[in-house]
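The values are calculated or read from the model by the stated rules, or taken from the named source; none is laboratory data. Keep in mind that this is a model prediction, so the values were computed, not measured. Note that we place each Cβ from the backbone using ideal geometry, even for glycine, and neighbour counts take in every protein chain shown.
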Amino acid sequence: MAAALLHCCVLPLSLALLLITIGCVSGEGNEVNNERQSVLRTDKTSRELNQAADSSPVQYALAENHAVGGRKLALFPEVGPITTGWSERLLGSLYSILHFWNSPLDIIRRPSQEQDEATAHGASTPADHNILFILGDSLFDAGNNLYLNESNYSIGSYPYGFTYFPNATGRVCDGRILPDFIAEYANLPFIPPSLQPVGDFYYGANFASSGAAVLDSDSSSGLNVLNLKGQVIQFKELAAKWNETLGADTTRQVLAKAVYLFSFGGNDYHSYYKNFYDEDSSPTPSEQEQFVKYIVGNTTDALIEMYELGARKIAFQNVGPMGCIPECKTEFPKFNGSCVPDLLSMPTLNNKELNKTLTDLAERLEGFKFSIFDYFITLMDRIENPSDYGFVYGSTECYSSSSLCEYPSAYVFFDDGHPTQSVNEQLAKLFWAGDLSVTSPYNMKQLFEESND
């Protein structure tokens, strides 16, 4: 009853605040409205409107508002990057960003959260709630590559994201990716990409970048990427900022409480194998083993570096069955549509070595805890037995350059290398609360609940 009364009281208040904001945005309000049709637009204004219309509805609205006299704007964070660019072109425009997750409406959208966590950040510090940092490749990228490759990134357009989001967000999926579901289960908002200009990193940051690898090498796709080293540098920069604002003790407490979610290795093994394939050769078992140790060793160095800054709780999605994804079957055709053996053996070796290494770190480093989710087994099972999990197509992608399926939820893969939202949700549930057969020695729920004492 109390919650219902709270919702009833907050909704009118929130709507009233929004109406007040709209009134402020319009400036002279009714006068401008009444004269709207009679405003003479100059050639320059017309050009601005035409350019904006070609860009996005938000940009067109900004330009049209400017044309009729509007200069002061209150906006949500999602349009912040758009606004920043256009305010420089529309002389005299001023704007303020409203952080949606701190608004009164958040109490209605997330009734299970405590009120003080849904209000302004000034009422608490990051130490008062769950925190999630995400590092990885395209499986976890929430949009960083949009900022790294502004005009040359097909993932930033339809049909990516269309199942859940009104526009493409940079996620390589038809909708939500696995970290989005983990954030939801941890009672957090979507964790923003670290390169988002107006990102609110109060609940953590997503450093993942499509094409990222453990080794600091150029992306095979030709795109700009943040590899593991670059992502760790970004994490260190954020930690340094928190150090300045929160103080060293609080920052250390926050970083120790946070959970760090990783997905790395797939791009390294793909590139390594491709070098051999292009020479009509294959890596020997000894060469594979040596390369795996090199990859896991470099990953370990990054983990120790983050541990020294305060990171304690690590969650790893291990490397999936690379050899059985549609992309690799197409790229390496000599196997006639069958799985690529070396791209199954190297991930298998990697996952064993990773488990051994993290177990060793937990024994050596005080307070170090980890979870490994068996992405290899769980995805492979859905590829081989799609109907057991509610899917129709296990080895064929929903979207290719020439076609788009009608029902992504019937497919394991959305494009030729990435799972659909439906698969991501199933796997996230296993990662969050699965038993020891799929995630060990902790699942993510247990990892969030673990004390740092």
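For this structure, a couple of remarks:
- Filtered residues of region 259-288 (kept if crowded, with 20+ Cβ neighbours inside 10 Å and not in a helix (DSSP H, G or I)): Val259, Tyr260, Leu261, Phe262, Ser263, Phe264, Gly265
- The single condition from (1) under 13 Å from the mean Cα position of the chain (by Cα); (2) at pLDDT below 95 that Ile182 fails is (2).
- Checked against (1) free of Cβ contacts under 8 Å to residues at least 60 places away in the same chain; (2) under 21 Å from Ile134 (Cα atoms), Asn298 passes all but a single condition, namely (1).
- Out of Leu178, Leu148, one residue alone is of a type in the set (A, V, I, L, M), touching a residue at least 24 places away in the same chain (Cβ under 8 Å) and out of contact with any helix residue (DSSP H, G or I) (no Cβ under 7 Å at 6 or more places or on another chain). It is Leu148.
- Of the residues making up region 357-405, those that are closer than 19 Å to Gln421 by Cβ, touching a strand residue (DSSP E or B) at 6+ places or on another chain (Cβ under 8 Å) and polar (S, T, N, Q) are Ser395, Thr396.
- Verdict on Phe264 being within 30 Å of Trp432 (Cβ to Cβ) and out of contact with any Asp or Glu (no Cβ under 6 Å at 6 or more places or on another chain): yes
- Contacts under 7 angstrom Cβ, first residue in region 237-263 being under 15 Å from Asp128 (Cβ atoms), partner part of a helix (DSSP H, G or I) and aromatic (Phe, Trp, Tyr), 6 or more apart: Thr251/Trp242; Val254/Trp242
- In this entry, Phe431 passes the filter for residues that are over 16 Å from Pro321 (Cβ atoms) and crowded, with 22+ Cβ neighbours inside 10 Å.
- If the condition is being within 11 Å of the chain's Cα centre (by Cα) and of a type outside the set (A, V, I, L, M, F, W, C), then region 205-215 contributes Asn206, Ser209, Ser210.
- Selected residue [assigned to a loop (DSSP other than H, G, I, E, B) and acidic (Asp, Glu)] from Asp388, Asp415: Asp415
- For beta carbons closer than 8 Å, sequence separation of 6+ or different chains, a first residue in region 422-445 that is in a loop (DSSP other than H, G, I, E, B) and a second that is polar (S, T, N, Q), the qualifying pairs are Gly434/Asn443; Asp435/Asn443; Val438/Thr378; Tyr442/Ser371; Asn443/Ser371.
- Test: residue in region 436-444 that is surrounded by 15 or more Cβ atoms within 10 Å (Cβ to Cβ) and more than 20 Å from Ile182 (Cβ to Cβ): no
- Residue in region 318-325 that is of a type in the set (A, V, I, L, M, F, W, C) and more than 20 Å from Pro285 (Cα to Cα) present: yes
- From the options Phe368, Phe373, residue that is aromatic (Phe, Trp, Tyr), under 27 Å from the mean Cα position of the chain (by Cα), modelled with pLDDT of 95 or more and farther than 18 Å from Ser263 by Cα: Phe368
- Among the conditions (1) within 30 Å of Ser282 (Cβ to Cβ); (2) outside any helix (DSSP H, G or I), Lys352 misses just one, which is (2).
- Hits in region 349-383 (condition: surrounded by fewer than 18 Cβ atoms within 10 Å (Cβ to Cβ) and within 15 Å of Met322 (Cβ to Cβ)): Ile377
- Residue within region 312-333 that is under 28 Å from Tyr153 (Cα atoms), modelled with pLDDT of 95 or more, part of a strand (DSSP E or B) and of a type in the set (S, T, N, Q) present: yes
- Criterion (assigned by TED's automatic domain parsing to the domain that holds Phe264 and at pLDDT below 95) met by exactly one of Ser401, Ser387, Ser422: Ser401
- Of all residues in region 355-374, those being farther than 17 Å from Glu305 by Cβ, among the acidic types (Asp, Glu) and assigned to a helix (DSSP H, G or I) number 1.
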